[in-house]
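Quick notes on the structure that follows.
The values are calculated or read from the model by the stated rules, or taken from the named source; none is laboratory data. Note that the structure is a prediction, hence the values are computed from the model and not measured. Cβ atoms come from the backbone with ideal geometry, glycine included; neighbour counts cover every protein chain shown. The accessibility values were calculated without ligands, DNA or RNA, using every heavy atom of the protein model including side chains. Shrake-Rupley method; radii C 1.70, N 1.55, O 1.52, S 1.80 Å.
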There are 4 protein chains.
Amino acid sequence: MSDRKYSVGIWAYGGCGDRFSENGYQKNRSFKEKLELAAKTKNLSGVEVHYNGDFKDDDFAEAKKLIKSSGLQIAAVDCETFGDRKFRKGALTSTDPKIRKDAVEIVKRAGEVAKELNAAVVNLWPGADGYDYSFQLDYEKEIELMVKSIKEISKANPDVKYSLEYKIKEPRIRSTIGTAAKATALIKDAGVDNFGVTMDFGHSMVARENPAEASAFLDRYNLLYHVHLNDNSRDWDDDLIVNTYHFWETLELIYYLKKLNYNGWIGLDMSPKRENQIEAVEYSIETLERMFKYIEKIDEEKLLESLKEQDVLKAHKLINKEIFI
Amino acid sequence: MSDRKYSVGIWAYGGCGDRFSENGYQKNRSFKEKLELAAKTKNLSGVEVHYNGDFKDDDFAEAKKLIKSSGLQIAAVDCETFGDRKFRKGALTSTDPKIRKDAVEIVKRAGEVAKELNAAVVNLWPGADGYDYSFQLDYEKEIELMVKSIKEISKANPDVKYSLEYKIKEPRIRSTIGTAAKATALIKDAGVDNFGVTMDFGHSMVARENPAEASAFLDRYNLLYHVHLNDNSRDWDDDLIVNTYHFWETLELIYYLKKLNYNGWIGLDMSPKRENQIEAVEYSIETLERMFKYIEKIDEEKLLESLKEQDVLKAHKLINKEIFI
Amino acid sequence: MSDRKYSVGIWAYGGCGDRFSENGYQKNRSFKEKLELAAKTKNLSGVEVHYNGDFKDDDFAEAKKLIKSSGLQIAAVDCETFGDRKFRKGALTSTDPKIRKDAVEIVKRAGEVAKELNAAVVNLWPGADGYDYSFQLDYEKEIELMVKSIKEISKANPDVKYSLEYKIKEPRIRSTIGTAAKATALIKDAGVDNFGVTMDFGHSMVARENPAEASAFLDRYNLLYHVHLNDNSRDWDDDLIVNTYHFWETLELIYYLKKLNYNGWIGLDMSPKRENQIEAVEYSIETLERMFKYIEKIDEEKLLESLKEQDVLKAHKLINKEIFI
Amino acid sequence: MSDRKYSVGIWAYGGCGDRFSENGYQKNRSFKEKLELAAKTKNLSGVEVHYNGDFKDDDFAEAKKLIKSSGLQIAAVDCETFGDRKFRKGALTSTDPKIRKDAVEIVKRAGEVAKELNAAVVNLWPGADGYDYSFQLDYEKEIELMVKSIKEISKANPDVKYSLEYKIKEPRIRSTIGTAAKATALIKDAGVDNFGVTMDFGHSMVARENPAEASAFLDRYNLLYHVHLNDNSRDWDDDLIVNTYHFWETLELIYYLKKLNYNGWIGLDMSPKRENQIEAVEYSIETLERMFKYIEKIDEEKLLESLKEQDVLKAHKLINKEIFI
């Protein structure tokens, strides 16, 4: 193995249910059990955990102990501001000042937690923020409130890196922050310098972006804080095993992560509903690692030449010979 | 109100959760409580219930009593063959004979239940059947097993009408029966005469069909057994309030239901996550009823003339004057 | 009629062909003939024309005369930097300095033309800029070149308003500037103050945006320079007649245009392939004008209240009673 | 090379234009010139040509000579019933009996031509048939007319194999025959035995099908007459170079073509707008040939075992080791 650091969202070891499976397609496991499976997973160095989900303040001390004894690092601390019924009409953009304050507090507190756990970033996915229908939201207020919340969060923990995870839809029909460019615009708008962006492969595909291009865009503004790898069928954030749908887009992303000198965690965000969960994560890591090695073998000078000429046949031939038998 | 019969899937009064909300965005309610809300809903005559979900054999007698005292009719008995972990790799198409048998038994038994409850149809949505990845399934076997299951079910209850509800995806990435035409082809293949099709508005939209056209297609073969109304953003089966996204497609469907002399239940399949559930259903019924009335006012001779000429401007002007202030 | 100014892209009166119809589904008409049809169209005050398409430098004097005698205003001067074979691998982002310079010159010159024609904006749609395949483009260079071109164009005509028309795809599989937020980010990046954005309804839908929200977003930064109305089936920029697919999204956009005090042209960008072209434009204008009137009747105080509460049923009921018979 | 027969639609060597490029992105070439390029293309054995497009009755003798001297076989004769302005509101489903008759005659005549050219099939893509708007078509009549036309065509040339090419959209917003199952249903409805189906990879993807599954479905009814290979971004029929987007779906299709003992032409349907056209076709053939060889190396017994178990990790590992370095 390389010295690349692979992590996975610890929910990959949970029930992996959906709205048609109340109890999950997999066994429901405690935080401790999930950590145990993660610890058994080959080539995995870290996990992403949810503050206010996997643990809250009252059991944080216990969680910390479990994490320590697992030997795993914390790649990111995520913020659970979406599952609670009170957030169903918005959290960071709630028009109810009390609810918005509660959400902001959770994210602030996640910053403290991240410091204590030595996490690279707080991964902030504002899943509750958005709308479902025409004539449901005042879009001027929506963005104003989001910018305001970002400012408040930024100020409370200036030494914590917050990484905004954009997603065009789900659970809201349209999210407040749906694309890499929208995340960038709002961070610039708020004028904060400890906010960056999480580029989730599947989210990017559903937004009709291209993950490699989105990463290059974010890197231009030094905002590529974190990445999530997975795959899907392009209509929905299915959180599938890596390289089961989009071989080329995944490989190109790996090329760009190298080209951009990305040195954060290679994070997996998966939900293996019907597969052995450890194997699904291991397979995804092996695949990514293999792709990094392919990329290293490709004659980059010639590749850049072909990109300059937009000569896709030349580029693909150059790549194929290092990859395919 | 007209003499049209409106029903709703009783899950509209449940938790309405998704994978990000374990406990639902709404209150979790018992079958009894759901029936009570349904009974309070204006202009609602019936409900769809899940055999093996809302009740099983052991509490069926109790369920029957509750239904009776609610005063509601049973529009359809649905079959829960998808949420149980054992069905996660398929139910009616499972390659494990024991599991497939279990699924077939549930659907057969739903037929008995439907007779006892005087339901118009058994609504059979094979949600577990399909696949998630390339190289996961033997597609020749998949269809063979589905046809076989259909035959077995048909034979066991020749006097029960089974209505296949097609859906292109969710929870599997691709379902075995994704379109109106696929459902039709498999029914013909099985050679059964007590099977028809449920045209769900949202499923049809996600499959890139047009609900009105799909209904006309099914009617040509006398297969339009049941309909589900709702709305979505076209990417996903969001089960939203009627006429919040697709005004024209909904109105055209209503026109065709009349044109085709459809006289089954006008069934709603909704999941109002953040709205008052009774109001959401009432609003949907009022809207549909209003649309039926618009359609009755339109000069049909002139409309058919414009359809013959594919003169969309003429048709829309004709329609607009009966609808818009 | 109100004092709102409606315009249409003059190509609506052309052949309206596609790749399967070389000669167009409609009659191919000269610029003069197109202007004549536009002049006959009721309630139409202006047109959008293509510099380097409808006319070039050598016949500009003649074109100017034709425009003057038509009595039509010029809403926008568009730039033809996409159809010429030399631009097939990019225009404003071409890695060939000579080709990029040619493209920049066309856009600069369009600025001069816009001044002479008293056009509100130069509408700049960089249709050739983007890519078709993975490993076809250096995305870092792509954005660098686009920002550079924007700067050069801005500087050459500081008193001309350039309006960037974003589009996620077509004719390239992915365009350099695909969303309202990406356009905003690049304008900020370039640091120019005479660039804004054209929000095209159909482009916004295909990008999985919501046109009303995109408009509010752009307005926050004073970038909503121009709008294009039309409709489509959400998968593709079909340039259909207004309000034939997305009633609610169109109505909401109209509400926001009013709410944001948008006072530019209400521009149509349509391609009526099989309809009487004059009637298609007239119908679209009548529909929009009707929608503006509906919006004026709605109790805005109550509407804003319902938006604040995210009470979609309340909002829709409030709206319905002013719209539907 | 194997003894597999590769063909390409001869339009791959034409202008490859779209609605934004009147003169094409490539050189416009005569039928003779296109044949010359095809003849130069390595490993290409045949072409698809359009009757009523590439040649009509008056120049058919000349065309025949050109074909003969090219040394190329004719894989399929296609029917041009879509580009002519008179067919803009439908051809085989036109409500104007005269127009429908004209369309039927073209397809019948294509049957004669196919016999004279010894083509495997007449490829019948009814591109003009469908609709663009709600309330534009009487769907009951639409299907009735299509079935009627199929019967008439079938009867006129009982010894010619007609292969219906389905496509969900373009140039109409929705086509009459959009999926493999719809094509199957209509052929059964017409009761004809010389009609089958063309499974076009890109069309299948846009219809949210899976090409491998669609092929297995068609084969069950002995209807898989012809295939078209290409690739796209899933939103639109982009006719791109093979294996540039969907590696896994393409490989799985190749596996199924072998599994189903498909022995027709491996036809390419591509439109290389910005690439060397000969190279694009050669690269696509090489890629497919390489995939066939991979498939031959895979341990099929173990693969079928993993398919039976729906064990996607097992299957992918099995495949990977024969493919990837």
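Quick notes on this one:
- D:Asp58 label point (Cα plus 7 Å toward Cβ) to equivalent points in the other copies: 3.2, 8.4, 9.0 nm, shortest first.
- Solvent-accessible surface, computed for protein heavy atoms with a probe of 1.4 Å, shrinks by 30 Å² or more for the following residues of segment D:127-150 when the other protein chains are added to the isolated chain: D:Tyr131, D:Asp132, D:Tyr133, D:Ser134, D:Phe135, D:Gln136, D:Leu137, D:Asp138, D:Tyr139, D:Glu140, D:Ile143.
- Excluding same-chain neighbours fewer than eight residues apart, the aspartates and glutamates reachable from A:Lys86 by a Cα-Cα span under 18 Å are A:Asp96, A:Asp102, A:Glu105, A:Asp129, A:Asp132, A:Glu142, A:Glu170, B:Asp18, B:Glu22, B:Glu275, C:Glu309, C:Asp311.
- Protein accessible surface hidden between D and C, which excludes ligands and nucleic acids, total in Å², probe 1.4 Å: 3700
- Cβ-placed point charges (K, R +1; D, E -1), dipole of chain B about Cα centre in debye, nearest 20: 320
- Amide H contacts under 5 Å for B:Ile177, placed H, 5+ residues apart: B:Lys167
- Mean Cβ neighbour count within 10 Å, used as a protection proxy, ranking C:210-219, B:113-122 highest first: C:210-219, B:113-122
- By a 1.4 Å probe calculation restricted to protein chains, B:Met205 has an accessible surface near 0 Å², given to the nearest 10.
- Beta bridges per DSSP with both ends in segment B:6-295, % antiparallel, nearest 5: 10
- Per-residue 3J(HN,Hα) values for segment B:44-58, derived from phi via the Karplus relation 6.51 cos²θ - 1.76 cosθ + 1.60 with θ = phi - 60°, read 9, 9, x, 9, 9, 10, 9, 6, 6, x, 4, 8, 10, 4, 5 Hz in sequence order (x marks Gly and Pro).
- Cross-link pairs exceeding 32 Å in C-alpha to C-alpha distance, out of C:Lys34/C:Lys169; A:Lys42/A:Lys297; B:Lys5/B:Lys317; C:Lys169/D:Lys56, comprise C:Lys169/D:Lys56.
- Label point 7 Å beyond Cα along the C-beta direction, distances from C:Asn320 to other copies (nm, shortest first): 2.2, 5.4, 5.8
- Under 5 Å, built H, 5+ apart or other chain: amide partners of D:Ala75: D:Val47, D:Glu48
- Cut-off 15 Å between beta-carbons: net charge of the residues surrounding C:Asn28, Lys and Arg +1, Asp and Glu -1: +1
- Dmax and Rg, reported as Rg then Dmax, of the protein assembly as shown (C-alpha, Å): 29.6, 88
- With contacts taken as Cα pairs under 8 Å and at least 6 residues apart, chain A reaches a relative contact order of 17 percent.
- In chain B, the calculated helix contribution to ellipticity at 222 nm averages -14000 deg cm²/dmol per residue, counting -39,500 (n - 2.57) for every DSSP H run with n ≥ 4.
- Under 5 Å, built H, 5+ apart or other chain: amide partners of C:Lys5: C:Ile266
- Heavy-atom accessible area per residue - chain A, 1.4 Å, Å²: 32
- Karplus (6.51, -1.76, 1.60) ³J(HN,Hα), θ = phi - 60°, over segment D:66-74, in Hz, Gly and Pro reported as x: 4, 4, 4, 6, 6, x, 8, 8, 9
- Across segment A:107-215, the relative contact order, built from alpha-carbon pairs under 8 Å that are at least six residues apart, equals 29 percent.
- Neighbouring partner chain Cβ atoms per residue of C:177-184, average, 10 Å criterion: 6
- Derived scalar couplings between HN and Hα for segment A:289-303 equal 4, 4, 5, 4, 5, 4, 4, 5, 7, 5, 5, 5, 4, 5, 5 Hz in order, rounded to whole Hz, by the Karplus curve 6.51 cos²θ - 1.76 cosθ + 1.60 (θ = phi - 60°), x for Gly and Pro.
- Across segment D:1-73, Cα pairs under 8 Å and at least six residues apart give a relative contact order of 35 percent.
- For chain A, diffusion coefficient by Stokes-Einstein and Kirkwood Rh (Cα), 4 °C, 1.567 mPa s, µm²/s: 64
- Test item: D:269-282 mean partner chain Cβ contacts at 10 Å: 3
- Across the identical copies, the 7 Å label point of D:Ser70, projected outward along Cα→Cβ, sits 4.2, 6.3, 6.6 nm from its counterparts, in ascending order.
- Isotropic mean projected area of the C-alpha convex hull, segment B:243-306 (nm²): 4.9
- Temperature 37 °C, viscosity 0.692 mPa s: under these conditions the Stokes-Einstein estimate for segment D:24-104, based on its Kirkwood radius over C-alpha pairs, is 229 µm² per second.
- Residue order by solvent-accessible surface for D:Tyr221, B:Tyr131 is D:Tyr221, B:Tyr131, largest first, with ligands and nucleic acids left out and a 1.4 Å probe.
- Chain B holds its axis-closest Cβ, relative to the rotation onto D, at the residue and whole-Å distance B:Ala181, 2.
- Whole-percent carbon and sulfur share, accessible surface of segment C:71-172, 1.4 Å: 48
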